[in-house]
């Protein structure tokens, strides 16, 4: 797995062993960023970050900062190793080893807001996360923000936000929502 484009394009990313973490494939990342177009200057939240491939890709393509949230210890170790190897320090990339619910509450308490949010929860838990995310996201996203959801078409993560674009790639649906 590697960073596709931008200043870090071609650099390799680590992933934990086993099947507990499902890194976003290069094909799906390429399709996602093609759908997004320009991400320069955005503040990014990569929730359920895993290895951090989506947030790192955004940083490589000009995003200002990214906050990565991952609760699994092995995935978090791979994520922090990726940030260190790519020399993405805390001024651009901050990683927190937290459950997504706690992370959302903390970001809300601290007044953090984002222009671009990546949501890629475990596919089998997507429908469980929908009400939590629907309640928490409006207070965390700026006007005009985009929320990118990666989910299984058989159990999509539906959010009550307008859909800008949607595309299916095999067993993955990419949905880009907007904040009016």
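The values are calculated or read from the model by the stated rules, or taken from the named source; none is laboratory data. Just so you know, these numbers come straight off a predicted model, no measurement behind them. Heads up, the Cβs are rebuilt from the backbone with ideal geometry, glycines too, and the neighbour counts pull from every protein chain shown.
Annotations for the structure displayed:
- Taking (1) touching a residue at least 12 places away in the same chain (Cβ under 8 Å); (2) surrounded by fewer than 23 Cβ atoms within 10 Å (Cβ to Cβ) in turn, residue 93 satisfies each apart from (2).
- Count of segment 146-180 residues which are in contact with a helix residue (DSSP H, G or I) (Cβ under 7 Å, 6 or more places away or on another chain) and farther than 15 Å from residue 121 by Cβ: 6
- Scanning segment 134-143 for residues that are closer than 20 Å to residue 109 by Cβ and more than 15 Å from the chain's Cα centre (by Cα) yields 134, 135, 136, 138, 139, 142.
- Residue match in segment 119-133 (condition: surrounded by fewer than 22 Cβ atoms within 10 Å (Cβ to Cβ), touching a residue at least 60 places away in the same chain (Cβ under 8 Å), within 25 Å of residue 37 (Cβ to Cβ) and within 17 Å of the chain's Cα centre (by Cα)): yes
- The listed residue being over 16 Å from the mean Cα position of the chain (by Cα) and at pLDDT 95 or above, out of 154, 168, 106, 146: 106
- Residue match in segment 5-21 (condition: surrounded by 15 or more Cβ atoms within 10 Å (Cβ to Cβ), more than 23 Å from residue 89 (Cβ to Cβ), touching a strand residue (DSSP E or B) at 6+ places or on another chain (Cβ under 6 Å) and modelled with pLDDT under 95): no
- Looking across segment 140-159, the residues that are crowded, with 16+ Cβ neighbours inside 10 Å and not in a loop (DSSP other than H, G, I, E, B) come down to 141, 145, 146, 147, 148, 149, 150, 151.
- Hey, residue 103 surrounded by 19 or more Cβ atoms within 10 Å (Cβ to Cβ), farther than 18 Å from residue 150 by Cα and touching a helix residue (DSSP H, G or I) at 6+ places or on another chain (Cβ under 7 Å) or not: no
- Flag if residue 83 is free of Cβ contacts under 8 Å to residues at least 40 places away in the same chain, crowded, with 16+ Cβ neighbours inside 10 Å and over 25 Å from residue 30 (Cα atoms): no
- Test result for residue 36, touching a helix residue (DSSP H, G or I) at 6+ places or on another chain (Cβ under 9 Å) and surrounded by fewer than 22 Cβ atoms within 10 Å (Cβ to Cβ): yes
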